[in-house]
Amino acid sequence: MTEPTPAPAAFSFGRTRDWPGYFEAVANGDPRQTLLDALALFEADNHASEHAAEPQPRRAIDLGCGEGRDTAELLRRGWRVLAIDGHPEGIERLLAREDLEHRSRLETRVCAYESLERLPACDLLSASFALPFCHPEHFGRVWELVRGAIEPGGRFAGQIFGDRDTWASIPDRSHMTRPAAERLFEGFLLESFREDESDSRDAAGNEKHWHVYHIVARKRR
């Protein structure tokens, strides 16, 4: 199943980093398909294991959680979640969600990429349409934190933007060729790597060519 790219209204806000506008534009959206795919793989692992019952909730990090669509789904499915966003309104909208269950298993943090110093160990790190907004100056360090946080057997789910994306010309965005994106996952099994190219136009007539890699990867034991 192909992950839909953000709607035109949403991408126009993303272009200018107007995050309150972006959160409003994507409000009430469904969980991202990469997250759902990763969760389905975890469930398949459990069914295949003789020890399917988990003594403790699995641990997830929702990096760039935004308004919280993925965090809400993780909590609903019994995960313990650390939700991180660089804009306080994202966390405010997450905590105000009517569908937010099991709040005792939720921890939130407002932290920009450039201020991120460590990430706790996790079984799943979800970064839905988030990492491309990490400045290239900080991307390598942040990616090492991501890799280091995921436990052996754990998964990454999210997006990396390709080099043919319109926003690749914006200096503060991180975009990669397909080989470079694949190299990020050395030591992982790529369970899903879908490359998507499509075009959108916002209400003001601004055109956007999307070049996105939708990735689910499992860290080798």
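The values are calculated or read from the model by the stated rules, or taken from the named source; none is laboratory data. Not measured: the values here are computed from a predicted model. Here Cβ is always computed from backbone atoms with ideal geometry, including for glycine, and neighbour counts include all displayed protein chains. Just the protein is used for accessible areas: all its heavy atoms, side chains included, with ligands, DNA and RNA removed. Shrake-Rupley method; radii C 1.70, N 1.55, O 1.52, S 1.80 Å.
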_Debye intensity ratio I(q)/I(0), log10, the stretch 6-109, q values 0.17, 0.21 Å⁻¹ (C-alpha model)_ = -0.79, -1.09
*Hey, got the dipole for the stretch 162-210? About the Cα centre, +1 on K and R Cβ, -1 on D and E Cβ, debye to the nearest 20?*
80 debye
*Is the shape of the stretch 61-101 rounded, prolate or oblate, going by the alpha carbon gyration tensor and its root eigenvalues a ≥ b ≥ c, with a/c under 1.5 for rounded and a/b larger than b/c for prolate?*
oblate
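Kirkwood Rh and Cα-based Rg: tell me the resulting Rg over Rh for the chain, rounded to two decimals.
Radius of gyration over Kirkwood radius for the chain works out to 0.94.
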*Leaving out ligands, DNA and RNA, what percent of the accessible area of the chain is carbon and sulfur, probe 1.4 Å?*
49 percent
_Helix-only mean residue ellipticity at 222 nm for the chain, each DSSP H run of n ≥ 4 adding -39500 (n - 2.57), per residue, nearest 500_ = -9000 deg cm²/dmol
*So what does the Cα-only Debye profile of the stretch 83-158 read at q = 0.26, 0.28 Å⁻¹, as log10 I(q)/I(0), no solvent term?*
-1.40, -1.45
*With contacts defined as alpha carbon pairs under 8 Å and 6 or more residues apart, what's the relative contact order of the stretch 175-214 in percent?*
36 percent
*What relative contact order, as a whole-number percentage, does the chain give when Cα pairs under 8 Å and 6 or more residues apart are counted?*
19 percent
*asked:* With +1 on the Cβ of every Lys and Arg and -1 on the Cβ of every Asp and Glu, and nothing else charged, how large is the dipole of the stretch 1-151 about its Cα centre, in debye rounded to the nearest 20?
replied: 200 debye
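When ligands, DNA and RNA are left out and all protein chains stay put, how many square angstrom of accessible area per residue does the chain have with a 1.4 Å probe?
47 Å²
Using +1 on the beta carbon of Lys and Arg, -1 on that of Asp and Glu, and nothing else charged, what's the dipole of the stretch 71-213 about the Cα centre, debye to 20?
Once rounded to the nearest 20, the dipole reads 380 debye.
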*Could you work out, for the stretch 117-221, what percent of all Cα-Cα pairs fall into each 5 Å distance bin, beginning at 0 Å and stopping at the bin that holds the largest distance?*
2, 12, 22, 25, 18, 10, 6, 3, 1, 0
*Within the chain, what percent of beta bridges assigned by DSSP are antiparallel, to the nearest 5?*
50 percent
*Extension gain ALA180-LEU95, at 0.36 nm per residue separation less the Cα-Cα distance, in nm?*
27.0 nm
*How much length is gained if the chain between ALA40 and SER115 is pulled fully straight, taking 0.36 nm per residue apart and subtracting their Cα-Cα distance, in nm to one decimal?*
23.8 nm
*Hey, in the GNM for the chain with a 10 angstrom Cα cutoff, which one of PRO136, PRO179, PRO152 fluctuates hardest?*
PRO179
